[in-house]
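**Student:** After the structure tokens below, expect a handful of questions from me.
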Amino acid sequence: MKKCWLNNKTVIVTGASSGIGRGITVKLIKEYNCTVLGVARSEEKMKSLVAELGEYGERLSYRLFDVSKRDNWKSYAEYLNENGIKPDILINNAGILPEFKSFERFSAEEFENTIGVNFYGAVYSIKELLPIILESSTPAIINIDSSAALMPLAGTCAYSASKAALKAFTEAVREELRGRCYVGVICPGFTKTDIFRSQNLTEKREEKIIRAVSTSLDYAVKRIIKSIRKRRELTVIGADAQFMKIFGRLMPVKGGRAVSTILKQSGFKLFDGVFK
Ligand SMILES: NC(=O)c1ccc[n+]([C@@H]2O[C@H](COP(=O)([O-])OP(=O)(O)OC[C@H]3O[C@@H](n4cnc5c(N)ncnc54)[C@H](OP(=O)(O)O)[C@@H]3O)[C@@H](O)[C@H]2O)c1
């Protein structure tokens, strides 16, 4: 086992049932001997993760609840306290990407749900769990954000707003907790997971192009774990995300406009709900 501060820690991972959260969970358990307390909604997916872990399965336990509801986090904190469970690290990873579409096509409920899961999920978890996390000798909070926080694009208003809020929130809290708790934020770009399931990806050619510009899940997970290991405060993963970081800074208006124009001119069916 690699010598590292992460070894043998107890880690809460939200969205542990699939994609990036699942990858983080497997790596923490197998390579760092961590105990993971997974949070997600799908029992079927969590059971398949336990099966995938085989002999390591006993290092994973899970609770099924919706992260966007504050009462669920209150009950979870009570459950941890009552059972004497003392997590050292909280990784807020659960998130949703709504269908690409214009703001005019969003219902208020869809908007609220996106902000609820992607932003309030992290706010409520930290609100309720911070006192418990701070009891650890190595307290840490890591929020999985997105390149959408670096450059908002047409068609992603709810997602970009939720992720920009998450980044600003994390960075403010990071400064408040400096010296008491490691707080990191990670902004991946397109990554090969099932997060596109709610998109109108009916065209094989479009799917191929999206996959071609996406980072592999394995690489993204490796970079996330390395970032945590090195206690980095901000990590941007993937060439697309680096591009958005640089152009979002250099050209805060024209950068986003240029990319949105390219998306419009691509004629992709995927973006019909944005531009048609
Ligand atoms: N993939 C990308 O291209 C990409 C790029 C940038 C950032 N990210 C961010 O990375 C994180 C993980 O995304 P992913 O790509 O791994 O997506 P994913 O494969 O769809 O996984 C999302 C996870 O979040 C959980 N989840 C969703 N809504 C939830 C809710 N209301 N309560 C509890 N759990 C919930 C899901 O579990 P259940 O279905 O079991 O509830 C699932 O485990 C997200 O925050 C996403 O925004 C992804």
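The values are calculated or read from the model by the stated rules, or taken from the named source; none is laboratory data. Computed from a predicted structure; not experimentally measured. Here the Cβ positions follow ideal geometry from the backbone for every residue, glycine too, while neighbour counts run over all protein chains shown.
**Student:** Just one of the numbered conditions (1) without any contact (Cβ under 8 Å) to a residue 24 or more places away in the chain; (2) surrounded by 13 or more Cβ atoms within 10 Å (Cβ to Cβ) is not true of residue 268; which one?
**Tutor:** Among (1) without any contact (Cβ under 8 Å) to a residue 24 or more places away in the chain; (2) surrounded by 13 or more Cβ atoms within 10 Å (Cβ to Cβ), residue 268 violates only (1).
**Student:** If you go through the range 38-55 one residue at a time, how many are under 16 Å from the mean Cα position of the chain (by Cα) and either crowded, with 20+ Cβ neighbours inside 10 Å or within 20 Å of residue 230 (Cβ to Cβ) (or both)?
**Tutor:** Result for the range 38-55: 3.
**Student:** Restricted to the range 218-242, and to residues that are among the small types (Gly, Ala, Ser) and more than 22 Å from residue 175 (Cα to Cα), which residue is surrounded by the fewest Cβ atoms within 10 Å (Cβ to Cβ)? Full working, then the answer.
**Tutor:** Looking only at the range 218-242, we keep the residues that are among the small types (Gly, Ala, Ser), and these are 220, 227, 238-239, 241.
Then keep just the ones that are more than 22 Å from residue 175 (Cα to Cα); that gives 220, 238-239, 241.
Details: 220: 26, 238: 21, 239: 11, 241: 26.
Filtering the range 218-242 for residues that are among the small types (Gly, Ala, Ser) and more than 22 Å from residue 175 (Cα to Cα), the one surrounded by the fewest Cβ atoms within 10 Å (Cβ to Cβ) comes out as 239.
Residue-by-condition table, conditions (1) modelled with pLDDT under 95; (2) among the aromatic types (Phe, Trp, Tyr):
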{"position": "2", "(1), (2)": "yes, no"}
{"position": "13", "(1), (2)": "no, no"}
{"position": "25", "(1), (2)": "no, no"}
{"position": "34", "(1), (2)": "no, no"}
{"position": "89", "(1), (2)": "no, no"}
{"position": "95", "(1), (2)": "no, no"}
{"position": "99", "(1), (2)": "no, no"}
{"position": "106", "(1), (2)": "no, yes"}
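**Student:** Okay, moving on. Does residue 164 qualify as being part of a helix (DSSP H, G or I), under 30 Å from residue 269 (Cβ atoms) and not polar (S, T, N, Q)?
**Tutor:** yes
**Student:** So, one more: List the pairs whose first member sits in the range 93-107 and is closer than 24 Å to residue 23 by Cα, whose second member is of a type in the set (D, E, K, R), and whose Cβ atoms are under 8 Å apart, counting only residues at least 6 apart or on separate chains?
**Tutor:** Here the result reads 98/110, each pair linking the range 93-107 to a residue that is of a type in the set (D, E, K, R).
**Student:** Right, here's the next one. Give me the pairs, please: first residue somewhere in the range 48-71 and within 14 Å of residue 14 (Cβ to Cβ), second residue anywhere and more than 9 Å from the ligand (Cβ to nearest atom) and among the β-branched types (Val, Ile, Thr), beta-carbon distance under 7 Å, and either six or more positions apart or on two chains.
**Tutor:** 49/25; 60/25; 60/29; 60/36; 60/50
**Student:** Would you confirm whether or not the range 227-236 contains a residue that is out of contact with any strand residue (DSSP E or B) (no Cβ under 8 Å at 6 or more places or on another chain) and away from the ligand (no atom under 16 Å from the Cβ)?
**Tutor:** yes
**Student:** Picking from 192, 254, which residue would you name as being more than 9 Å from the ligand (Cβ to nearest atom) and of a type in the set (Lys, Arg)?
**Tutor:** Values: 192 fails: more than 9 Å from the ligand (Cβ to nearest atom).
Just a single option satisfies the conditions, and that option is 254.
**Student:** Scan the range 71-98 for residues that are within 15 Å of the ligand (Cβ to nearest atom) and buried (at least 16 other Cβ atoms within 10 Å of the Cβ) and jot them down.
**Tutor:** 72, 73, 76, 90, 91, 92, 93, 94, 95, 96, 97, 98
**Student:** Of the conditions (1) under 18 Å from the mean Cα position of the chain (by Cα); (2) more than 16 Å from the ligand (Cβ to nearest atom), residue 132 satisfies every one except a single condition; which number is it?
**Tutor:** Tallying (1) under 18 Å from the mean Cα position of the chain (by Cα); (2) more than 16 Å from the ligand (Cβ to nearest atom), residue 132 fails exactly one: (1).
**Student:** Here is a further query. Enumerate the pairs (first residue in the range 137-152 and in contact (Cβ under 8 Å) with a residue 60 or more places away in the chain; second residue anywhere and in a loop (DSSP other than H, G, I, E, B) and more than 12 Å from the ligand (Cβ to nearest atom)) with beta-carbon separation below 8 Å, excluding pairs fewer than 6 apart on the same chain, so at least 6 apart or on different chains.
**Tutor:** Here the result reads 138/5; 138/9; 138/88; 140/88; 140/181; 140/231, each pair linking the range 137-152 to a residue that is in a loop (DSSP other than H, G, I, E, B) and more than 12 Å from the ligand (Cβ to nearest atom).
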